[in-house]
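Okay, so here's the structure we're looking at.
The values are calculated or read from the model by the stated rules, or taken from the named source; none is laboratory data. Since this is a predicted model, take the numbers as computed values, not measurements. In this analysis, Cβ positions are derived from the backbone assuming ideal geometry, glycine residues included, and neighbour counts consider all displayed protein chains.
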Amino acid sequence: MDFRKINNLSVDCVIFALKGKSLNVLLRKRSLNMYTQGLPVIDDWVLPGHYVLKSNNLGQSADRVFKELIGEDNLNKIQFRTYGNPNRLKSDKDLLWIRSRGAQVRTVTVAYYLNIQSNKIKLNKEDTLKWFKIKNLPEIGFDHHRLINDAYQDLKTKIITQPIVFDFLPVKFTLNELQVVYQAVLGIELDNRNFRKKAISKPYIVPLDEKKKGASKKPAKLYMFSADIYNQVAKTDSIINI
């Protein structure tokens, strides 16, 4: 395997998850202090990413990021856009960071996003990774705020027509948990009774003879998503008519 990197080609990865009832994105701390007068101190956040190795294709490069963070690859990632504007990086902080890494100022970035359950990534107090609410982001380096927004817009479109909503959920889930995902991603309130009726009508949302344990209220019925059934009806059906 050729571990040499292509200095002007990278992948950046937007990782979405629900924490509570809010949609969050995973960011990595970016810090640099050259202790030189006139040079900026870098203390902000960026998306996880890598330069593409000479022996890797783009998908494999994204999988390297996910493998490091989640311990899994071959996940249901979505490639949504390529960024190649020659003026992408122009702030003093970004240019200093690039020079400190010996990288090229003009870099083409292919961006992916992935939807997961937040507990798949274990964070600790010393970790440079942190979840942030999509509506309350910190100071972000490079043009990664744009990447996050573009990924979010794509997610809101695809969650209506593709079964990616189930990537946020455990294998067995309640209808309330499913509704919370839609509400968090789309930023809307849904009528509970109407949503349940529409969800139950979908043949690929399969009721189980089980109920969610540990709930303080009346235990809720559990369901599973059947990809096999969905694939049979995908051409003539939609996920749930929100």
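Against the list (1) part of a loop (DSSP other than H, G, I, E, B); (2) under 21 Å from ASN115 (Cβ atoms); (3) not assigned by TED's automatic domain parsing to the domain that holds HIS50, the condition ASP228 fails is (1).
Any chance segment 42-55 includes a residue that's surrounded by fewer than 20 Cβ atoms within 10 Å (Cβ to Cβ), out of contact with any strand residue (DSSP E or B) (no Cβ under 7 Å at 6 or more places or on another chain) and not hydroxyl-bearing (Ser, Thr, Tyr)? Within segment 42-55, not a single residue is surrounded by fewer than 20 Cβ atoms within 10 Å (Cβ to Cβ), out of contact with any strand residue (DSSP E or B) (no Cβ under 7 Å at 6 or more places or on another chain) and not hydroxyl-bearing (Ser, Thr, Tyr). Checked against the criteria, LEU190 does not count as in contact (Cβ under 8 Å) with a residue 24 or more places away in the chain and not in a loop (DSSP other than H, G, I, E, B). Being surrounded by fewer than 16 Cβ atoms within 10 Å (Cβ to Cβ), without any contact (Cβ under 8 Å) to a residue 40 or more places away in the chain and under 30 Å from LEU186 (Cβ atoms) holds for only one residue in THR36, THR82, and it is THR82.
Each residue in segment 23-45 was checked for being under 13 Å from the mean Cα position of the chain (by Cα) and of a type in the set (A, V, I, L, M, F, W, C), and 4 pass. Checked against the criteria, THR128 does not count as crowded, with 18+ Cβ neighbours inside 10 Å and within 20 Å of ARG30 (Cα to Cα).
Condition check: over 21 Å from ILE148 (Cα atoms) and either in the same structural domain as THR157 (by TED's automatic domain parsing) or free of Cβ contacts under 8 Å to residues at least 12 places away in the same chain (or both). Does LYS122 satisfy that? Yes; evaluated as a whole, the condition is true for this residue.
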